[in-house]
Amino acid sequence: MPHLEISDLITVTDPANGARLPVRRAEVVRRLREAGDPRAARIVAALPADRDGVLDPHAVDRLMIGVHTELQRLSEELRIGERLVHVLRPLFAALRATAGQGGPAEPLRLVDIGSGLGYLVRWLAATRALGPGVELVGVDLDAALVGEADRLARAERLDCRFVHGNAFDLPEAATVYVSTGVLHHFRGPALAEFFRAQAASPALAFCHFDIAATRLAPLGARVFHRARMRHPLGRHDGVASALRAHTDETLLSAAAAPGIRPLLYEPRGLANPFCTTLRPVLGVRPHLEAPLRQAMGRASRRLVGPEQLAGTRR
């Protein structure tokens, strides 16, 4: 049976223009029951709908903002910002090191795909962890989340911006694409298509953090989300996310798009399963791999390509 996330089913947008599409409650309940998830079906059945059975979009927006607010607290507890900067700082150092050799000119533009409430972008703006000359942009197909992210950034007086739409249709090209907790939403061929879109763009690198597919991940997600998430939807989707996590092999295979060198940081064979919750898959233009490894120093030993992954399994 497939593991479905409620949030994927109750918020549907047109991928071309980001327009909100109506969602019939009965159809979502049916899909969840057919997937063998009666608990999720009951959660959706309790959501408000109009007389035609269409989910109330305003109620859904309030729910999603509430759940993402709780997810932000989890990101703070798990120190997601620091974890990303551990990899992003040397990546940006490598980009700057190649600037005189036909590399990128500033500003370097970081685009966060599926930015939600913009926690990562706002954290980077607040800490200035990537140094000067970096433009920070968050992009999401959910207009309500983008609106709330923009409100928070303005309240915090942060130098960043948020866009409602498709991250690959921005008028200004990204230098680096990033995301957190997005990859497991792409299933089958869609995962490779996601990476190919970035390889075909002018971007020089990507860095996507997602749940590590370990045997302990679902149990850890169940305990952690039950302790920290108030709404049943957040608890349900947190565990479903862990169950949907891609293996290291799947990620590296999908990320091997033309013109990109795929790399995985802390693959399962090198990581402590009791401590590793998220780990990144990176993709860099081939000329950036050596400068990246140099900038990472000893930590570069944890950065492996497809041909090295088999060695970590022995």
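Any read-out appearing in this document is the output of simple, stated calculations on the displayed coordinates, not a laboratory observation. Just so it is clear, the structure is predicted and the values come from calculations on it, not from any experiment. FYI the Cβ positions are ideal-geometry reconstructions off the backbone, even for glycines, and counts take in every protein chain you see.
Miscellaneous remarks
- With only the Cα atoms considered, the chain has a convex hull volume of 132 Å³ per residue.
- Qualifying trypsin sites (Lys or Arg not before Pro) in region 127-213, DSSP loop, other Cβ atoms within 10 Å at most 13: R128, R157, R187
- Angle of helix 57-77 to the longest C-alpha principal axis of the chain, folded into 0 to 90 degrees and rounded to 10: 40°.
- Between amide H atoms placed 1.01 Å from N, distances below 5 Å from V178 occur with V111, D112, I113, C207, all of them 5 or more places distant or on a separate chain.
- Here is the list for region 141-205: GluC sites (Glu not before Pro) lying in DSSP coil, each with at most 14 other C-beta atoms within 10 angstrom of its C-beta, are E156, E172.
- Positive minus negative residues near A144 (Lys, Arg vs Asp, Glu; Cβ under 14 Å): -3
- Projected label points at R151 and A59, each 7 Å from Cα along the beta carbon direction, are separated by 2.0 nanometres.
- Value at 222 nm in deg cm²/dmol, rounded to 500, when DSSP H runs of n ≥ 4 in the chain each add -39,500 (n - 2.57): -13500 deg cm²/dmol
- Fully extending the segment from A19 to S201, taken as 0.36 nm per residue of separation minus the present Cα-Cα distance, adds 63.1 nm.
- Here the Gaussian network model covers the chain, with springs between Cα atoms less than 10 Å apart; of L91, L264, L55, L55 fluctuates the most.
- Total formal charge among the other residues, if their Cβ is under 15 angstrom from that of P291, Lys/Arg +1 and Asp/Glu -1: +4
- Computed over the alpha-carbon pairs of region 6-62, the distance histogram in 10 Å steps reads 24, 54, 21, 1 percent, short to long.
- Average silhouette area of region 103-168, convex hull of alpha-carbon atoms, in square nanometres: 4.3 nm²
- Share antiparallel - DSSP beta bridges, the chain, percent rounded to 5: 50 percent
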